[in-house]
Amino acid sequence: MEEWKARFRKEYCELKERFQKLDIMLGQYERGQLEFEPKCPIDLLKGQRSTMWNYLRILEQRAKIEEIKL
């Protein structure tokens with residue numbers, strides 16, 4: 001695999017993992033199961049999750065065009 005494609009795939013995988021962890025955390029918060037109180041507003045964290053989701057979708061579209069297996 002070309003080096004840039006490997007970096008692209010790594011970026012996608014890292015972002016996906018971080019998105020999933022943030023999504024789990026926000027779910028726990030909404031169910032009252034989070035073991036700590038976040039310092040920043042929940043709406044800010046939800047905005048971050050939304051932006052990460054959009055970026056994941058863009059990377060998936062690009063991977064398809066560039067023929068990069070994720």
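The values are calculated or read from the model by the stated rules, or taken from the named source; none is laboratory data. Note that the structure is predicted; figures quoted are calculated from it, not measured. Cβ: placed from backbone, ideal geometry, glycine included. Neighbour counts: every protein chain shown. What goes into the accessible areas is simple: the full protein's heavy atoms, side chains included, and nothing from ligands, DNA or RNA. Shrake-Rupley method; radii C 1.70, N 1.55, O 1.52, S 1.80 Å.
Structure data summary
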read-out: Per-residue [θ]222 nm for the chain (sum of -39500 (n - 2.57) over DSSP H runs n ≥ 4, rounded to 500); value: -27000 deg cm²/dmol
read-out: Burial ranking of peptide ranges 27-35, 4-12 (average Cβ count within 10 Å, highest at the top); value: 4-12, 27-35
read-out: Spin-label model distance (nm) - residue 45 vs residue 28, 7 Å beyond Cα toward Cβ; value: 0.9 nm
read-out: Surface per residue (accessible, 1.4 Å probe) for the chain, Å²; value: 80 Å²
read-out: Heavy-atom accessible surface of the chain: percent carbon and sulfur, 1.4 Å; value: 51 percent
read-out: Angle between the chain longest axis and helix 3-30 axis [Cα atoms, degrees, rounded to 10]; value: 20 degrees
read-out: Residue-by-residue Karplus 3J(HN,Hα) for segment 61-67, coefficients 6.51, -1.76, 1.60, Hz, glycine and proline x; value: 5, 5, 4, 5, 5, 7, 6
read-out: Net length gained if the chain between residue 55 and residue 5 were fully extended (0.36 nm per residue, minus Cα distance); value: 16.3 nm
read-out: Amide hydrogen neighbours beyond the local backbone of residue 34, cut-off 5 Å, H modeled; value: 29
